[in-house]
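Here, each number is a calculation from the coordinates, and none is a lab measurement. Given the structure is predicted, the values throughout are model-derived calculations rather than measurements. Using ideal geometry, Cβ is built from the backbone for each residue, glycine included, and neighbour counts are taken over all protein chains shown.
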C-alpha cells in the first residue's frame, strides 16, 4: 500500500534547510571577510613601518625572540607582516570570493582557514602573556570553523533527496511491507532502498507534532529523553496480510524514535516476522533498540541492522546479522 504523502511538510523542511544553509554561508562570508581584511590591514601596517612604532607594536618585538631564527627573521615586523598576509589575509579573501561565487570549495576553505587562525593564535599564546586580543581572535577562528561545519552539513542535506520514481521495484511483492518514520529524510531513503530491493510496499508513520527545524529537534529530544510515544496518524494496514515487515527508524536519545515506539505499541500482537533497521549518527549498534522493539511486539526480530548516517552518507559498522 503506498504511503500517504507528506510532500507539503517535506518541501517546507527542505526550504528551511536551504534557509539555514544561506544563513550559515552568509555568516561564513562575514568571518572570512572580517578576518581577511583585518589581516591585510594589519600586515600592511607592519610592512609600511616594520619597526612597529606607528601601530604601537614595537613593544612586541622582544617576545618574538622565543621563536626559531629570531635574530634573522624577527629583528623587525617585516617577516611577521608577510606571514600574516599569506596565512590569514589572502587565503580568507580567496575563501570569501569563492563563497560569493557559490563554489563548494569556499565552505571547505573557510573552515580550514578558521582552523589555521586558531593555530596562529596558539603560537601567540606561546609567545605573549595571556591577553584579550589573542583570546578573542582564537574564538573568532573557532566560530569560523564551526560556521563552515554547519554550512557543510546543511549543504549535504539540501543535496539529499528521495524520489519515488527512482525506486521502480517498490510494491511488486504484495506480501512484504516496509514501515518507516523519518524526520529528516534519511530513514526514508533507507526504507525506499529496502523496499526497492525486496519489492515491498511502503508505509510512512506520520505525526502532527512539530518535528522540523531546531525547535522540532528539541521537541523530539523531549519525547526521546522520557521514552514517550509520540501521537501518530492511524495506519490503515492489515498486518496479517503481510508475510514479512521491515521497520526502519531513527535513533532518538539512544533509543527508538517516539513515533516508531507508538506504532509498535499499537501493532502489538499483529506483527510476528519482521526486520529492524535503525539509523543514527554514531558508531554504536544500539542493541537496546532491538530489545525494546522485541518487548513491545512480543516477538523476536528476524534480523537487525544498525546504519550510521553522516551528512547523507550511509555506512553499516557491521553487516546484517541473523539473530537467534
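In table form, for the structure just shown:
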quantity	calculated
Hydrodynamic radius by Kirkwood, which averages 1/r over all alpha carbon pairs of segment 96-207, in angstrom	17.6
Rounded Å value of the spacing that divides the Cα centres of segment 119-193 and segment 235-259	26
Rounded to 10°, Cα long-axis angle of helix 90-100 versus longest principal axis of the chain	40
Taking segment 164-322 and dividing mean pair separation by its residue count, relative contact order in percent (alpha carbons under 8 Å, at least six apart)	19
Rg followed by Dmax, in Å, when the chain is reduced to its Cα trace	27.0, 86
Highest average packing first - 299-309, 263-273, Cβ atoms within 10 Å	299-309, 263-273
Cα Rg, Dmax (largest Cα-Cα span) when computed across segment 164-322, Å	14.5, 39
Angle in degrees between helix 7-48 and the longest Cα principal axis of the chain, rounded to the nearest 10	10
Relative contact order, percent, the chain [alpha-carbon distance under 8 Å, six or more residues apart]	14
Segment 164-322: antiparallel DSSP beta bridges as a percent of all, rounded to 5	25
Principal-axis tilt of helix 186-198 within the chain, Cα atoms, nearest 10 degrees	40
